[in-house]
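Participant: Before anything else, here's the structure in question.
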Amino acid sequence: MSKADVIFVDMCRDILDSGFSSEGQKVRARWEDGTPAHTIKRFGVVNRYDLSEEFPALTLRPTYIKNAVDEMLWIWQKKSNNIKDLNSGIWDQWADENGSIGKAYGYQMGVRYQFAQGEMDQTDNVLWQLKNTPYSRRIMTNIYNFSDLSEMGLEPCAYSMTFNVTGDRLNGILNQRSQDVLTANNWNVVQYAVLIHMMAQVSGFKAGELVHVIADAHIYDRHMDIVRELIERPQYPAPSFRLNPDVENFYDFTPDDVIITDYVKNPQIKNIPVAI
């Protein structure tokens, strides 16, 4: 069975059984009909995925892996904050009339800083360090820029990535301030698993561990019955994963260079309500 399924089911059961409810509190999020969107949450969830063992895609329901990779590359490679550069509509509701989500996500990755080795952006700094100082304990990114928060369409949820090399393995810690577990959990896991694989391949390493730290892991009130049904579904082995081995430059990767085979999964859940 996919270990990602096991981790997901354990996390969801823990939230449902022992989580803290926001009922009675004032909450920011609303459903489309204006009703307050309450949650049940756990604080400080930490999930570990060994990418050397298997690719962490859920089989409980499909994860649209190529779309997830496209969004990750939109941020890390294109460094774009415009939905016109994205091949899905997942950011449409946060964009302005020109398609911009403001100074968020890809915009922050493209800001140039003066590093010891010269002026470059955060993606290029990671790539440079992995090739030149791979055992540094300072290989990290952060897009939660307080001075720009008022100009962001949405404050970053997954905001920081720390890379760390152990022997010939590249590991990463993804820090996330908040996560809608049903809609976004495996989407983010898949994205950053692929990012580690890509960074490892172009830097001469093998993919190691992805550690996912979520400050506020929550299930919305209108998602609870969906989650209860989801975690009782049958589980299947993880799909096979590989990258196009001919790609040597991070900026040459496309979603088509991610090759997924033998992905057996349960049916998709449609029309999941999304709180805004």
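Participant: Inside the range 143-158, can you point out the residues that are out of contact with any helix residue (DSSP H, G or I) (no Cβ under 7 Å at 6 or more places or on another chain), open to solvent by 10 Å² or more (accessible area, probe 1.4 Å) and part of a loop (DSSP other than H, G, I, E, B)?
Facilitator: If the condition is that a residue be out of contact with any helix residue (DSSP H, G or I) (no Cβ under 7 Å at 6 or more places or on another chain), open to solvent by 10 Å² or more (accessible area, probe 1.4 Å) and part of a loop (DSSP other than H, G, I, E, B), then Y144, C157 are the ones that fit.
Participant: Confirm whether N164 is open to solvent by 50 Å² or more (accessible area, probe 1.4 Å), under 16 Å from K206 (Cα atoms) and not basic (K, R).
Facilitator: yes
Participant: Can you work out which of the residues in the range 87-142 that are under 17 Å from M199 (Cβ atoms) and of a type in the set (S, T, Y) is most open to solvent (accessible area, probe 1.4 Å)?
Facilitator: It comes out as Y135.
Participant: From the list M161, M140, pick out the single residue that is farther than 28 Å from I272 by Cα, free of Cβ contacts under 8 Å to residues at least 24 places away in the same chain and part of a strand (DSSP E or B).
Facilitator: Of M161, M140, the one residue that is farther than 28 Å from I272 by Cα, free of Cβ contacts under 8 Å to residues at least 24 places away in the same chain and part of a strand (DSSP E or B) is M140.
Participant: Continuing with this model, one more query. Have a look at I15, I40, I7 and point out the one that is without any contact (Cβ under 8 Å) to a residue 60 or more places away in the chain and among the β-branched types (V, I, T).
Facilitator: I7
Participant: Restricting attention to the range 177-205, and to residues there that are open to solvent by 10 Å² or more (accessible area, probe 1.4 Å) and in contact with a His (Cβ under 9 Å, 6 or more places away or on another chain), which single residue is farthest from K3 (Cα to Cα)?
Facilitator: Checking each candidate, the answer is S178.
Participant: Does L170 satisfy being open to solvent by less than 20 Å² (accessible area, probe 1.4 Å), in a strand (DSSP E or B), within 17 Å of V247 (Cβ to Cβ) and touching a helix residue (DSSP H, G or I) at 6+ places or on another chain (Cβ under 8 Å)?
Facilitator: Taking the combined requirement at face value, the residue satisfies it.
Participant: Would the range 65-83 turn up any residue that is touching a residue at least 40 places away in the same chain (Cβ under 8 Å) and over 26 Å from S160 (Cβ atoms)?
Facilitator: The answer is no, given that none of the residues of the range 65-83 is touching a residue at least 40 places away in the same chain (Cβ under 8 Å) and over 26 Å from S160 (Cβ atoms).
Participant: Next question, about the same structure. Residues that are among the aliphatic types (A, V, I, L, M) and within 19 Å of the chain's Cα centre (by Cα): find the strands (runs of 3 or more DSSP E) completely inside the range 186-267 holding 2 or more of those.
Facilitator: Hits in the range 186-267: 206-220, 258-261.
The values are calculated or read from the model by the stated rules, or taken from the named source; none is laboratory data. Computed from a predicted model, the values in this text were never measured in an experiment. Ideal geometry is used to build each Cβ from the backbone, glycine not excepted, and the neighbour counts take in all protein chains shown. When the accessible area is computed, the model is the full protein with side chains, heavy atoms only, and any ligands, DNA or RNA have been set aside. Shrake-Rupley method; radii C 1.70, N 1.55, O 1.52, S 1.80 Å.
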